[in-house]
């Protein structure tokens, strides 16, 4: 669905929902992130949440321990790419929690270069498994959930 080789997949992709469910796909290299070219029909088949919601968030560690990421989502009958995706950054934090990464952790996420709108997001997951996202993004909502 992303025109990659199986060897480009680093670990198990997971559907993660830290507010907006997305398919989080860890890749083996920044080169693999850069080579992604989504196939609409395959993304609809394998990256689908609902009839009009098919998406994928791909990422890999850089040599400097930052993360290179891309987020693909439907736009009409084609695929668009978001230059900075706060919800996907939060889901990356959820992916780290689900895969039992050592906490706390902090990451810088570089996104948007492929669409000529380079962006930086900052992810922090504290020892209590709370996820924090920062960066120059537009806030679409805010809330609290009591469990």
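Nothing in this text is a laboratory measurement; each read-out follows from the coordinates by a stated rule. Computed from a prediction, not measured in an experiment: that's the story for all the values here. We place every Cβ from the backbone using ideal geometry, glycine too, and count neighbours over all the protein chains shown.
Starting from the Cα of residue 102, step 7 Å along the direction of its Cβ; do the same at residue 62; then give the gap between the two resulting points in nm.
In this crude label model, residue 102 to residue 62 measures out at 2.2 nm.
Quickly estimate the mean residue ellipticity at 222 nm for the chain, helices only: each DSSP H run with n ≥ 4 gives -39500 (n - 2.57), and the total goes over all residues, rounded to 500. Each step should come with its number before you reach the end.
On the way: 3 runs with 26 residues, N = 147.
When only DSSP H runs of four or more count, the value is -5000 deg cm²/dmol.
Counting pairwise Cα distances across the chain, what percent come out greater than 22 angstrom? Numbers along the way, then the final one.
On the way: 3755 of 10731 pairs.
Looking at the chain, the distances longer than 22 Å represent 35 percent of pairs.
So how far apart, in nm, are the two label points at residue 113 and residue 5 if each is 7 Å from Cα heading toward Cβ?
Calculated label separation equals 2.1 nm.
7 Å from Cα along Cα→Cβ at both residue 12 and residue 145: what's the point-to-point distance in nm?
2.1
I need the peptides 18-28, 73-83 ranked by packing, meaning the mean over residues of other C-beta atoms within 10 angstrom, with the highest value on top. Spell out each step's value before the answer.
Details: 18-28: 21.3, 73-83: 14.2.
Most protected by this proxy first, the peptides run 18-28, 73-83.
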